[in-house]
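The values are calculated or read from the model by the stated rules, or taken from the named source; none is laboratory data. From a predicted model like this one, the values you see are computed outputs, not experimental measurements. Counting neighbours? That spans all protein chains shown, and the Cβs are built from the backbone with ideal geometry, glycine included.
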Amino acid sequence: MSSQITRRRFNAALAGAGLAAALAPFGIVRAQARKVRIGVILPRSGYLGFLGQSCQKGADLAPAVIKDMLGVDIELMNADFESNVDTARTRAERLIQEGANVLIGAFDSGASAAIAQVAEQRGIPFVVNIAAAPQITEQGYKFTVRNFPTSVDLVRNGLALIGDLFQATNTAPRSAVFMHVNDTFGQANAKAIAALMPRLTQLPFKIVETIAYDPAAKDLTVEVSKAKATNADFLLNVCRVQDSIILRREMVKQRWQPMGIIGPGNPGMYEEQYYKALGKLSEYSISNVPWYHPKADITRAVEKQFLKQNPKDKPMYHALNVGFTFESILIIADAFKRAKTADPKALNDAIHQTDIKNRMMLGGPIKFNAKGQVEGIASACIQNLNLRPTVVLPANAAEAKPVFPVPGYKKA
């Protein structure tokens, strides 16, 4: 038999032995991957649906902005986990089977923890866009990084801003009632508050009662009645968006008007749906959260693309969700460009070596510690004024002065 290799035999070799193995004897180098395939897992339906849809807007605009910035081609593979942790796990498995090189998500801490387990088992990088439960980066995982503060960092920053708020408004509330959702995120925040409050002796108030509730609850009559009965000066509330709307309406129904409502590091009250559902009743609510840098060039580029794709929306209502979701994809694109491959292990190594100084969100450069946790993300005090989220602290970034207590407040 002739030893001459024919085109047919060459093609058969490619099919039977695999491209890399077939090309190796001939000294041919495998071509660099031209794009990275990103599995985006978000809760676009269910009780977290509004928040997941908001995050999705940040994912959808990322390919165009990043193509201009880095010249990297991105393919998004989108999945809705329907606000269900078990569904998040199965969606992650399916995306990996369908060829995703890397995963991002999932806004919810419980879902993110489940996805991290799958990513570790399958050896696929996972970049957490938004989720604060500390255990996500405390398990020793090698394939998970998080570009978002832990609940401890969120609460520490949020409580410090509460102290700044009281100083700026020359007030000194003596008591707070603490209400929080009882999901993974809410429990992590409650644990952080319980640990931090005794150490923060400079804060003038004490928490007189803690009330947990289901984030999917349709009625909070009992919980609000219990909170009102404490006669606390203000409400400290760790919420989501749907429950925050229900809670605010119930407060009005029961004619409970404390000095104010303050979120120490959570979503809900600065979201577009909060304003749409409540109108003027959304005014003066305060959220101490990570926020975007409005003057950064990258922010302008993101806002321009956002308006192009969502002409009826306003970027300010989606700032946190869009910003952190966009940055998660930016992290992957930057790593892909440096690694020059979509191979999961090489991509994971490059992600862990990230050092991005030109970012959208307030804080230091995007760098991950040995646990895969980003450090140095800052928070701002955001108050709802004139039906829009407005920075009121810190003073050097403020768009307006804080209003506290709320107009019409009367001490019982």
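Do we find a residue being small (Gly, Ala, Ser), under 20 Å from GLY186 (Cα atoms) and modelled with pLDDT under 95 anywhere in the range 249-267? Taking every residue of the range 249-267 in turn, at least one turns out to be small (Gly, Ala, Ser), under 20 Å from GLY186 (Cα atoms) and modelled with pLDDT under 95. Within the range 297-354, restricting attention to residues that are part of a loop (DSSP other than H, G, I, E, B) and polar (S, T, N, Q), the residue that is surrounded by the fewest Cβ atoms within 10 Å (Cβ to Cβ) is GLN353. The set of residues from the range 159-188 being within 16 Å of the chain's Cα centre (by Cα) and within 17 Å of ILE207 (Cβ to Cβ) comprises GLY186, ALA188.
Regarding ILE286, is this residue of a type in the set (A, V, I, L, M), touching a Cys at 6+ places or on another chain (Cβ under 7 Å), closer than 22 Å to LYS401 by Cβ and not assigned by TED's automatic domain parsing to the domain that holds PHE50?
Values: of a type in the set (A, V, I, L, M): yes; touching a Cys at 6+ places or on another chain (Cβ under 7 Å): yes; closer than 22 Å to LYS401 by Cβ: yes; not assigned by TED's automatic domain parsing to the domain that holds PHE50: yes.
Yes; evaluated as a whole, the condition is true for this residue.
Tally up the residues in the range 207-225 that are hydrophobic (A, V, I, L, M, F, W, C), surrounded by fewer than 15 Cβ atoms within 10 Å (Cβ to Cβ) and free of Cβ contacts under 8 Å to residues at least 40 places away in the same chain, please. First the steps, then the outcome.
The first filter runs over the range 207-225 and keeps only residues hydrophobic (A, V, I, L, M, F, W, C), leaving 207-208, 211-212, 216-217, 220, 222, 224.
Still in the running and surrounded by fewer than 15 Cβ atoms within 10 Å (Cβ to Cβ): 216, 222.
If we keep only those that are free of Cβ contacts under 8 Å to residues at least 40 places away in the same chain as well, we get 222.
Residues meeting the conditions: 1.
Residues of the range 387-410 that are part of a loop (DSSP other than H, G, I, E, B) and free of Cβ contacts under 8 Å to residues at least 60 places away in the same chain: ALA398, GLU399, ALA400.
Looking at this structure, is GLY158 surrounded by 18 or more Cβ atoms within 10 Å (Cβ to Cβ), in contact (Cβ under 8 Å) with a residue 24 or more places away in the chain and more than 30 Å from ALA346 (Cα to Cα)? For GLY158, the condition - surrounded by 18 or more Cβ atoms within 10 Å (Cβ to Cβ), in contact (Cβ under 8 Å) with a residue 24 or more places away in the chain and more than 30 Å from ALA346 (Cα to Cα) - is met.
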